[in-house]
1. Being in a loop (DSSP other than H, G, I, E, B) and among the polar types (S, T, N, Q) narrows it down to one residue among Ser162, Ser103, Ser171, Ser132; which is it?
2. Hey, any hits in segment 17-24 for a residue that's among the charged types (D, E, K, R), under 20 Å from Ile124 (Cβ atoms) and within 12 Å of the ligand (Cβ to nearest atom)?
3. Does segment 1-13 hold any residues that are in contact (Cβ under 8 Å) with a residue 24 or more places away in the chain and assigned to a helix (DSSP H, G or I), and which are they?
4. Is there a residue being surrounded by 15 or more Cβ atoms within 10 Å (Cβ to Cβ) and near the ligand (Cβ under 8 Å from one of its atoms) anywhere in segment 32-45?
5. If you take the residues in segment 91-106 that are over 18 Å from Arg118 (Cβ atoms) and of a type outside the set (A, V, I, L, M, F, W, C), which one is surrounded by the most Cβ atoms within 10 Å (Cβ to Cβ)?
6. Does Ile143 satisfy being closer than 13 Å to Gly176 by Cβ and in a loop (DSSP other than H, G, I, E, B)?
7. When you look at Val127, is it within 16 Å of the ligand (Cβ to nearest atom) and crowded, with 23+ Cβ neighbours inside 10 Å, yes or no?
8. Any chance you could count how many residues in segment 128-155 are small (Gly, Ala, Ser), within 16 Å of the chain's Cα centre (by Cα) and over 14 Å from Pro117 (Cα atoms)?
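The values are calculated or read from the model by the stated rules, or taken from the named source; none is laboratory data. What you see is a predicted model; the values in this text were computed from it and never measured. Here the Cβ is made from the backbone with ideal geometry for all residues, glycine too, and neighbour counts use every protein chain on show.
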Amino acid sequence: MARKAERIRDLYDQTVSHYDERYRNIQFSKFSETSVRWEDRDVVLDVGCGTGLLIEYMTIEPIIFVGVDLSVNMLKVARRKSSWSIFIAGDVRKLPLKQEVFSKVVSFSVLQNIPDPREVIGEIFRVSKRASSVLITALRKRITIESLVNWTRKEAEKRRRSVEIEQLNLSLEDVGIKCKSEAMDIS
Ligand SMILES: C[S@@+](CC[C@H](N)C(=O)[O-])C[C@H]1O[C@@H](n2cnc3c(N)ncnc32)[C@H](O)[C@@H]1O
């Protein structure tokens, strides 16, 4: 594993005992502002799920919920919150998942930790279904909304998806995008 990823994993592994207390309200207000939602028929992936704050916040159980994170200690907390969910230790730059499985993919406040966020966005479009929706946020002090939109457009195009992108400027620390993707019409 690259040095930076190891450092990030160790940082979250070591600070997990304070994470929920310190960030629950902040993350919950991001969830609320982005109007993140899913239906009970959705197959959902949370990219960089951390301690599972999102699953704690949501009230609807989708058919399948998968969370992936590098920090085993963060995942231990997540597992205690939802026994029916699947939490996998892995690197979001190389998701240990098959292609075109998920109808919803979300990622809150993770991309600022990644040296080249396009790798993660590419992975999101690999594992999401052709018709699916994607919601990504990242700390604006590290990532601009323009970059996020451009990367999303390009990575979607590589996977032959057409996307409609909505830009999100959250009142707290994140920028984000929401997009619906469809298979590209190549006729
Ligand atoms: C700020 S926390 C956000 C956690 C969660 N999404 C939330 O809303 O509370 C960032 C998370 O990204 C994870 N992370 C950072 N780089 C990662 C990588 N390369 N692969 C997997 N997870 C990563 C960290 O372990 C941490 O749990």
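1. Every option except Ser171 fails the conditions.
2. Among the residues of segment 17-24, not one is among the charged types (D, E, K, R), under 20 Å from Ile124 (Cβ atoms) and within 12 Å of the ligand (Cβ to nearest atom), which makes the answer no.
3. Lys4, Ala5, Ile8, Arg9, Tyr12, Asp13
4. Scanning segment 32-45 turns up no residue that is surrounded by 15 or more Cβ atoms within 10 Å (Cβ to Cβ) and near the ligand (Cβ under 8 Å from one of its atoms).
5. This residue is Lys104.
6. yes
7. Criteria not met by Val127.
8. Going through segment 128-155 one residue at a time, the tally reaches 3.
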